[in-house]
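Just below is one structure, and these are the notes that go with it.
The values are calculated or read from the model by the stated rules, or taken from the named source; none is laboratory data. Please read all numbers here as calculations on a predicted model, not as lab measurements. Here the Cβ is made from the backbone with ideal geometry for all residues, glycine too, and neighbour counts use every protein chain on show.
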Amino acid sequence: MTSNITVPGPVTLVVGQEELLLDRAVAGLTAAVRAQDPDADVRDVTGLAAGEFGELVSPSLFATRKVVVIRAAQDLPAAVANEVIAYLADPSEDVALILVHAGAAKGKALLEAAKKAGAREIACPKITKPSERIAFVRGEFQAAKRKISEDAARALLDAVGTDLRELAAACSQLIADTEGPITAEVVGRYYTGRVEVTSFTVADRAVEGRTAEALEQLRWALSIGVAPVLITSALAQGVRSIAKVAGAPRGMRPADLAKELGMPPWKLDRVRQQARGWTGESIARALQAVAEADAAVKGGGGDPDYALERAVVTVARCRGGR
């Protein structure tokens, strides 16, 4: 878990491949700037064409402070990367440039140039070991001034899985819905009989474009007796949530936006990440696929399982306009 984030200087590197931690680091840095200057101009982009970087870091007409977040900096075209490297030699004091980089060999010249220029670095390494996931879960509860036993943390991993976003969401839900120390018994009571958790996992993987994982979760859900109608319902809710976030007013503070959309902050954070790569056209196509599957599982088709698989594949492929 990323913590103790202070106001960023002219250039900050957020390095790693753990998406949740990367997003949290960027959110923390942005919040730190806005705490000092509520009217700061924040630009958050993925992918730039030649010439666009200069416009991004130019002084704002409407704010004294500017935050420019460039995600997937390792994928910038050579011409754009060179523009950024040139800028690093004399960055503006009124701009907080945040470069989000995977940290691998790709785009290494930009990474090294930023380090050489004295950029502050925040590491967000991939969490892969069970002990690291246990530590992550315990950290989530510590941040909320709550306690969870190691047995309970392991039980939560068994119930939810290893995806960090899923774990973070589960921790938030337990913190909000329970009181006192979290034990393995509490986790067991909370998840016993909650088959909708499995259906929502299918939906999350589908809207994130993770076809193979979505299909794996779907087959598991069907094998343990999750009703097909719960899965189509979860798929529909997942796509509709993306539609709500995509159509929401821009520039609102996260807390105000969560209230406007009727979502808890943890869910808004997840859906905003899931919404990347979706368009109005792909949302409509996905909803149509889910509607067809829903009709099939309610008796309008010959093979409900096949209808669900087809819907899951279609939804996953809709992300990114495929």
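For region 272-302, filtering for residues that are within 27 Å of Arg165 (Cβ to Cβ) and outside any helix (DSSP H, G or I) leaves 5. Evaluate the following for Glu132: is it within 28 Å of Glu213 (Cα to Cα), modelled with pLDDT under 90 and of a type in the set (Asp, Glu)? So Glu132 does not fit the description; no.
State which residue is surrounded by the fewest Cβ atoms within 10 Å (Cβ to Cβ) when the search covers only region 123-150 and only residues that are under 26 Å from Val69 (Cα atoms) and of a type outside the set (Gly, Ala, Ser). Among residues in region 123-150 that are under 26 Å from Val69 (Cα atoms) and of a type outside the set (Gly, Ala, Ser), the one surrounded by the fewest Cβ atoms within 10 Å (Cβ to Cβ) is Pro125. Taking Pro265 as the residue in question, decide whether it is modelled with pLDDT under 80, outside the structural domain of Glu166 (by TED's automatic domain parsing), closer than 16 Å to Asp44 by Cβ and not small (Gly, Ala, Ser). Considered against the rule, which asks whether it is modelled with pLDDT under 80, outside the structural domain of Glu166 (by TED's automatic domain parsing), closer than 16 Å to Asp44 by Cβ and not small (Gly, Ala, Ser), Pro265 comes out as no.
Residues in region 268-322 that are acidic (Asp, Glu) and buried (at least 16 other Cβ atoms within 10 Å of the Cβ): 4 in all.
You will find that of Asp305, Asp269, the residue that is in a helix (DSSP H, G or I) and within 21 Å of Asp23 (Cα to Cα) is Asp269 and no other. Of everything in region 190-204 that is at pLDDT below 55 and part of a helix (DSSP H, G or I), the residue that is surrounded by the most Cβ atoms within 10 Å (Cβ to Cβ) is Val197. With the condition kept exactly as written, say whether any residue in region 86-98 is hydroxyl-bearing (Ser, Thr, Tyr) and outside the structural domain of Gln36 (by TED's automatic domain parsing). The answer is no; no qualifying residue exists.
Tally time: how many residues in region 219-234 are assigned to a helix (DSSP H, G or I) and either assigned by TED's automatic domain parsing to the domain that holds Glu19 or over 14 Å from Val271 (Cβ atoms) (or both)?
We begin by selecting, within region 219-234, every residue assigned to a helix (DSSP H, G or I); these are 219-223, 228-234.
Checking which are either assigned by TED's automatic domain parsing to the domain that holds Glu19 or over 14 Å from Val271 (Cβ atoms) (or both) leaves us with 219-223, 228-233.
The qualifying residues number 11.
As a summary of the residue check, Asn4 satisfies the conditions (1) in the same structural domain as Asp94 (by TED's automatic domain parsing); (2) on the phi > 0 side of the Ramachandran plot; (3) at pLDDT below 90; (4) of a type outside the set (Lys, Arg) except for the one numbered (1). When Met252 is tested against (1) in contact with an Asp or Glu (Cβ under 9 Å, 6 or more places away or on another chain); (2) in a helix (DSSP H, G or I); (3) farther than 21 Å from Glu166 by Cβ, exactly one condition is not met: (2). From the list Arg154, Arg240, Arg165, the one residue that fits, being outside the structural domain of Arg276 (by TED's automatic domain parsing), part of a helix (DSSP H, G or I) and under 28 Å from Arg43 (Cα atoms), is Arg165. Arg133 falls short on exactly one of the conditions (1) part of a loop (DSSP other than H, G, I, E, B); (2) under 22 Å from Ala25 (Cα atoms), and that condition is (1). Considering each residue of region 169-182 in turn, none proves to be closer than 20 Å to Glu292 by Cβ and not hydroxyl-bearing (Ser, Thr, Tyr). Contact map, region 199-226: first residue without any contact (Cβ under 8 Å) to a residue 24 or more places away in the chain, second residue assigned to a helix (DSSP H, G or I), Cβ cut-off under 8 Å, separation 6 or more or different chains; pairs are Glu213/Arg205; Gln217/Thr198; Gln217/Thr201; Gln217/Val202; Gln217/Arg205; Trp220/Thr198.
Taking the listed residues Glu179, Glu185, Glu216, the one that is out of contact with any Phe, Trp or Tyr (no Cβ under 9 Å at 6 or more places or on another chain), in a loop (DSSP other than H, G, I, E, B) and surrounded by fewer than 18 Cβ atoms within 10 Å (Cβ to Cβ) is Glu179, with no other qualifying.
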